[in-house]
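Nothing in this text is a laboratory measurement; each read-out follows from the coordinates by a stated rule. As the structure is a computational prediction, the values presented were derived from the model and not from experiment. Because the Cβ atoms are built from the backbone with ideal geometry, glycine has one as well, and the counts that use them run over all protein chains shown.
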Amino acid sequence: MDLRAIAMGLGFALMWSSAFTSARIIVADAPPVSALAIRFLISGMIAVLIAARMDQSWRLTPAQWRATAIFGFCQNALYLGLNFVAMQTVEASLAAIIASSLPLLVALASWLVLGERIAPLGMAGLAAGMGGVVLIMGTRLTGGADIRGVALAAGGAVALTFATLAVRSATSGGNLLMIVGLQMLVGALALGLWALAFWQVRWSWQLIAAFTYTTLVPGLLATWVWFALVGRIGAVRAAAFHFLNPFFGVAIAALVLGEALRPLDLIGVVVIAGGILAVQLSRRPG
């Protein structure tokens with residue numbers, strides 16, 4: 001792995017993790033579903049226009065259309081929709097930690113549902129990572145965290161796990177930026193009617209700044225960097241950078257929002273990150 005790939009991986013992890021903090025700012029002043037629908041509409045239109053200028057076609061293969069529909073609904077409408085609603089009552093750091101369990105959930109589902117074999121290192125990492133998630137969630141719930149919000153965030157992670165398993169081999173054939181834009185438009189369509197029914201916004205510079213940042217950086221730039229990274233070093237090696245997300249998610253929430261850093265949270269973050277890294281390393285081709 002060269003230095004450029006490492007820089008891209010670090011940049012992706014940082015941008016992806018920062019989305020939870022900016023989302024927490026957005027939902028303080030705007031309905032979460034409405035904010036998401038508008039974000040997807042803007043991001044999707046920008047991505048489609050850029051893809052068209054790059055001569056990418058919207059004439060996708062049947063597998064790509066299926067991937068676009070499933071991923072657009074499960075990631076944008078369900079995963080991000082549930083997370084945005086959850087962050088009305090759940091801290092950004094906790095939402096980031098729950099979402100960071102995605103590589104662990106995908107590995108677990110691949111083992112239980114698809115019958116994929118996991119090496120001993122991966123099994124140890126899976127057990128450790130899940131133990132870290134349970135530790136943090138248990139600590140937060142006993143400390144007064146909203147159980148409904150935690151359940152919504154966890155449900156979002158499960159929805160994204162299903163989407164990942166359903167489309168992980170269906171996006172071959174090019175037109176990746178076009179697919180990214182179209183799946184965002186699927187999310188905008190899925191959330192649009194609900195959004196119009198609950199449109200109440202308290203405008204502030206914080207809301208505008210957070211919305212602009214979320215739309216352009218985690219929404220578009222991080223997605224582009226991710227696909228570029230996968231194209232450069234492969235999906236398995238690229239996914240190893242997810243082990244940084246618990247660290248970055250908690251750190252950014254503490255720095256920007258002033259959320260507390262609890263000792264057990266820090267222990268849990270280290271355990272989760274180690275578990276994610278072990279799972280990814282165990283799946284790396286020899």
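Packing here is the average count of other Cβ atoms within 10 Å per residue, and on that basis the peptides 74-82, 211-219, highest first, run 74-82, 211-219. Relative protection proxy for 223-233, 57-67, from highest mean packing down: 223-233, 57-67 (other beta-carbon atoms within 10 angstrom). Net charge dipole, the chain: roughly 460 debye, given to the nearest 20, about the Cα centre with Cβ charges of +1 for Lys and Arg and -1 for Asp and Glu. Considering only A96, A210, A273, the mean-square fluctuation computed in a Gaussian network model of the chain, springs between alpha carbons under 10 angstrom, is largest for A210.
Of A157, A251, A37, which is the most mobile in a GNM of the chain whose springs link Cα atoms less than 10 angstrom apart? Looking only at A157, A251, A37, the biggest GNM fluctuation is shown by A251. Short to long, the 10 Å bins of the Cα pair-distance histogram for the chain hold 7, 28, 38, 22, 4, 0 percent of all pairs. Estimated from the Cβ-Cβ distance and a Förster radius of 35 angstrom, the FRET efficiency linking L114 and Q206 is about 0.20. Relative contact order of the chain, taken over Cα pairs closer than 8 Å and 6 or more residues apart, is 42 percent. Using a Gaussian network model of the chain in which every pair of alpha carbons under 10 angstrom is joined by a spring, one finds that among G143, G187, G125 the greatest mean-square fluctuation is at G143.
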